[in-house]
Amino acid sequence: MMESWSFLDPVESNFRPLVVIELAKGTKEETIEWFTKRIVDKKANGGAQLLIKPLVTENGVENIYLVGASHLRLLLGAETVGLVKECSDNSMRAFTYSSRKTFKHFADDNHNFLTMAECQYIIKHELENLRAKDEKMIPGYPQAKLYPGKSIVRRLLTSGVLVQIFPLHDREELKKLSHSWYGRVKVGYQPLDDIRCYFGETIALYFGFLEYFTFALIPMAVIGIPYYVFAWEDYDKYVMFATFNLLWSTVILEVWKRICSILTYRWGTLLMKRQFEEPRPGFHGVLGINPVTGREEPVYSSIKRQLRIYLVSLPFVCLCLYFSLYVMMIYFDLEQWALDYHKENESDFSSLMLYVPSIIYAVVIEVMNRIYRYAAEFLTSWENHRLESSYQNHLILKVLVFNFLNCFASLFYIAFVLFDMKLLRQSLATLLITSQILNQFAESLLPYWLQKRYNRRMRKRMCSKKTDMDLSLAEQVNMEKEMGTYLGTFDDYLELFLQFGYVSLFSCVYPLAAVFAVLNNITEIYSDALKMCRVYKRPFAEPTANIGVWQLAFETMSVISVVTNCILIGMSPEVDALFPDSKMDLVLTVALVE
């Protein structure tokens, strides 16, 4: 392997920009010179051995740099990150440069053997693995301390010298993908392989799950429509639908595991070795020795972290949960007021007023969820987790617990305390439909409209300038660097998780829940695709073998769904009539079925 690096020529005439680095305005020359030198230096000297070129505008050289790599460098990088590719015998194996001829579609002149997303992932990996050697600080910034083994890029980010790093869009490929993905309304599957090639496995797997979940909802919707039509006024005839519901919520997640494995095996990430996880950029502590790697890095006491979690974060989460329940009781007071008003007036207006408390409560729930999300992110950062995976797990746990109680507590209260199936149906319908409308507006329509306005202004400004340079690349970089940053699939999975809860928990009393979920998801596929291609900067590809902790979250919701539907079945008059003498037999039977 080391011999391969020695003959690698860092100069290539056909420079293809793949990644953009934006430095802060006023960055000192010695810092720029040191950083760019480390990027182009040979691996043996501690560099990344990449290609870098400043973006030249009419104002001269700005602090924006384009990074690329030679074809040979990318192939060696593919071996370093452990990319898995298909061999000529149709097996999947980790790519190695020495056995490159055995891989399907490989040729020395085939520069498309690695997808653009894989090339950008390799460059990101190499940049993040630029490490300090004997430097004690970033040149020109004595306050930005370095120590041997510290990631240079992470230190530049935390010190504010480096503004952002993002991969460039390929406009031709994006145009083709947009046309096949959302450019025309069609009934069919998404081009998941093309999405994976362009955005990487994490994004493709989310859209694969969204598509699968939408198809899985169709049987519920097909059964729900006639059930809703013929048993509309009889709120107690839900036993058969609840039985199908609890079976459905369990089976679809087991089937998804198989589909997920098929996809990730085909993409090569199922067999991909996990990379050693570095400390996250926000992690801080006193310098010490990592007992595993032997490297010098920040160390933070786990006891202090546990104290922060249990003495601050946990009480805060409990306080938020109490506040959510308090708001819920205010909602029930409003429901009672609307009911009394309707009884007194008996008019069309009073009939509409019956839905007003639920709509207000649905809006309040969305607002509270978003405010709490910011608080949860702040607290989780303050807890100072060393690894990004640990940070994400703690954040997801905080958010899921609050969102679950905030969204579903009122439904459980209506079902098992008030025993009011009519109010349960009304509340479920209002909460589901209102949350879907708000999410579509906040996550897709509003960002798209704002981005379209900005792009229009930017094009006018660029076209009005009379320069000799090629405006296309400069325009592209300047437009993309101002785009919003895609923060990951967290919010997208959270939305599907809550939707799965609305459908699986209580849809037996409102069978149209699955119908509205299908309609929402169809528009979600198109709006999310539009958002990825037109609104946000292109995210770096992230190899993954599954949907991670969200699989556990959905399975937990499935267990709660089984329990809920079994209890609802046990409460129904039809089942209750089968046990006229002993209610204990009824309880034991429901527990056994569960």
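Each value in this text was obtained by applying a stated rule to the coordinates, not by laboratory testing. Please read all numbers here as calculations on a predicted model, not as lab measurements. Note that we place each Cβ from the backbone using ideal geometry, even for glycine, and neighbour counts take in every protein chain shown.
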Of all C-alpha pairs within the range 538-593, those more than 18 angstrom apart amount in percent to 54 percent
By the mean-Cβ-within-10 Å protection proxy, highest first, 83-92, 565-574 rank as 565-574, 83-92
Output ordering of 343-350, 30-37 (per-residue mean of other Cβ within 10 Å, highest first) is 30-37, 343-350
Placing one equal point scatterer on each C-alpha of the range 294-446 and summing with Debye, one gets log10 I(q)/I(0) at q = 0.20 Å⁻¹ equal to -1.22
Answer in debye to the nearest 20: the dipole magnitude of the chain about its Cα centre, from +1 Lys/Arg and -1 Asp/Glu charges placed on Cβ, is 2280 debye
In deg cm²/dmol, rounded to the nearest 500, the helical mean residue ellipticity at 222 nm of the chain, built from -39500 (n - 2.57) for every DSSP H run of length 4 or more, is -19000 deg cm²/dmol
Listed by chain and number, the lysines with an alpha carbon less than 28 angstrom from that of Lys422, same-chain partners under 8 positions apart left out, are Lys237, Lys343, Lys583
Gyration tensor (Cα only) of the range 157-239 to equivalent ellipsoid, semi-axes in Å sorted down, yields 42, 19, 11
In nm, the gap between the two label points placed 7 Å beyond Cα toward Cβ at Val185 and Phe416 is 4.2 nm
Taking r as the C-beta separation of Ser88 and Val575 and R0 as 45 Å, the FRET efficiency to the nearest 0.05 is 0.15
So, with points 7 Å from each Cα along the Cβ direction, the Val40-Lys104 label distance in nm works out to 4.0 nm
Here FRET efficiency (C-beta to C-beta, Ala442 to Val292, R₀ 35 Å, nearest 0.05) is 0.25
Quotient of Cα radius of gyration and Kirkwood radius for the range 11-100, i.e. Rg/Rh, equals 1.10
The range 19-168: Kirkwood hydrodynamic radius (Cα pairs, Å) comes out at 16.7 Å
For the chain the translational diffusion coefficient, Stokes-Einstein from a Kirkwood Rh over Cα pairs at 10 °C and viscosity 1.306 mPa s, in µm²/s, is roughly 58 µm²/s
With Leu321 itself left out, Lys, Arg at +1 and Asp, Glu at -1 over residues whose Cβ is under 15 Å from its Cβ give +2
One would report the antiparallel percent of DSSP beta bridges in the chain, rounded to the nearest 5, as 95 percent
Length gained if Ile218 through Asn129 is fully extended, taking 0.36 nm per residue and subtracting the Cα-Cα distance, is 27.4 nm
Sorted on mean Cβ neighbours within 10 Å (highest first), peptides 132-143, 427-438 come out as 427-438, 132-143
